[in-house]
Amino acid sequence: MAWEDDLFALLDDLEQQAEALYDVERGHELADRSRAEYQQVTLASRLMASVGGDVVLDVRGVGVVNGVLERVGTGWCLVGGSGQDWIVALAAVLSVRAASERSSPEVAWSPVARLGLGSALRRLAEAGERCVLRLDDGRLLDGTVRRVGADFVEMAVGEDGRAVLVPYAGLAAVQSR
C-alpha cells in the first residue's frame with residue numbers, strides 16, 4: 001500500500017509545517033508578552049532583588065555612591081559603605097550599576113519594606129546623630145535631623161542649631177558621619 005505511505009508522509013509533513021509555524025508565532029507572542037510584563041518592573045523592585053549585593057549608584061548632586069545595598073523602601077534605599085551609610089532618595093538616582101538581573105515585585109515586599117523615606121529619616125532623628133544632607137543641586141547641610149514632616153525634614157545646623165527645612169523633592173541623599 002504505497003499510496004497509504006505517501007498519504008501518511010504528506011500528512012506528517014503538513015503537521016510538521018503547521019507545528020513550525022505555530023512555534024514561530026508563539027515565539028513572537030511570548031516576546032510581546034515579555035516586553036509588556038517588563039514595563040511593570042520598577043527601579044525599586046530591581047533594587048529589592050539586589051539587597052545584600054554591591055551596587056554603584058550615580059546620584060544627582062552627590063556623584064557616585066557605592067557599597068552594599070542593605071535595604072530598599074518606598075522611594076529610598078540604604079547603601080552601606082566604608083565607614084558611612086547613605087540613605088538615597090530614588091528620585092535622585094541617575095543610574096545603577098551591578099544590580100541584579102531579577103526583580104522582586106512590590107506586592108511581595110514585607111510591610112517594613114513599604115515604609116517611605118520619612119520613616120528612614122525619623123530613625124535618624126531618634127538617634128540624634130550628626131549627618132550630612134546632600135541636596136540634589138550639590139549643596140550640603142551638616143547637622144542633626146530634628147524632626148520629620150509629611151514632605152520635608154527639619155535639620156538643626158550651625159553653632160546655634162538654627163532650623164532648616166528641606167523638602168523631600170530637593171533631597172538627594174543623607175550621609176552618616
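The values are calculated or read from the model by the stated rules, or taken from the named source; none is laboratory data. Model, not experiment: these values are computed from the prediction. Please note: Cβ atoms are built from the backbone with ideal geometry, for glycine as well, and neighbour counts cover all protein chains shown. Just so you know, the surface numbers come from the protein's heavy atoms only, side chains and all, with ligands and any DNA or RNA stripped out. Shrake-Rupley method; radii C 1.70, N 1.55, O 1.52, S 1.80 Å.
Odds and ends about this structure:
- Scanning region 152-171 for residues that are among the charged types (D, E, K, R) and open to solvent by 60 Å² or more (accessible area, probe 1.4 Å) yields E159, D160, R162.
- So V65, is it in contact (Cβ under 8 Å) with a residue 60 or more places away in the chain, more than 13 Å from the chain's Cα centre (by Cα) and crowded, with 19+ Cβ neighbours inside 10 Å: yes
- Of all residues in region 104-118, none are of a type in the set (S, T, Y), within 22 Å of L165 (Cα to Cα) and surrounded by 15 or more Cβ atoms within 10 Å (Cβ to Cβ).
- Members of region 1-18 that are at pLDDT 70 or above and surrounded by fewer than 10 Cβ atoms within 10 Å (Cβ to Cβ): A2, E4, D5
- Verdict on S95 being of a type in the set (S, T, N, Q) and in contact (Cβ under 8 Å) with a residue 24 or more places away in the chain: yes
- Candidates R123, R134, R147 - the one that is basic (K, R) and modelled with pLDDT under 95: R123
- Within the set G81, G149, the sole residue that is more than 12 Å from L47 (Cβ to Cβ), open to solvent by less than 40 Å² (accessible area, probe 1.4 Å) and under 20 Å from the mean Cα position of the chain (by Cα) turns out to be G81.
- Number of the exception - E101 against (1) over 19 Å from S45 (Cα atoms); (2) surrounded by fewer than 16 Cβ atoms within 10 Å (Cβ to Cβ): (1)
- Considering region 124-142, and only residues there that are more than 17 Å from V62 (Cα to Cα) and either of a type in the set (G, A, S) or open to solvent by 50 Å² or more (accessible area, probe 1.4 Å) (or both), the residue that is nearest to the chain's Cα centre (by Cα) turns out to be A125.
- Pairs are defined by a Cβ separation below 8 Å, a sequence spacing of at least 6 or placement on different chains, a first member in region 161-177 that is in contact (Cβ under 8 Å) with a residue 24 or more places away in the chain and under 16 Å from D85 (Cα atoms), and a second member that is outside any helix (DSSP H, G or I) and polar (S, T, N, Q); the pairs so defined are Q175/Q84; S176/Q84; R177/Q84.
- Some residue of region 87-105 being within 17 Å of the chain's Cα centre (by Cα), modelled with pLDDT under 95, of a type in the set (D, E, K, R) and under 22 Å from V68 (Cα atoms): yes
- Cross-chain or 6+ apart pairs with Cβ under 9 Å, region 50-62 first and within 19 Å of A113 (Cα to Cα), then of a type in the set (K, R): S50/R102; V51/R71; V55/R97
- Scanning region 84-93 for residues that are aliphatic (A, V, I, L, M) and open to solvent by 40 Å² or more (accessible area, probe 1.4 Å) returns a single hit, A91.
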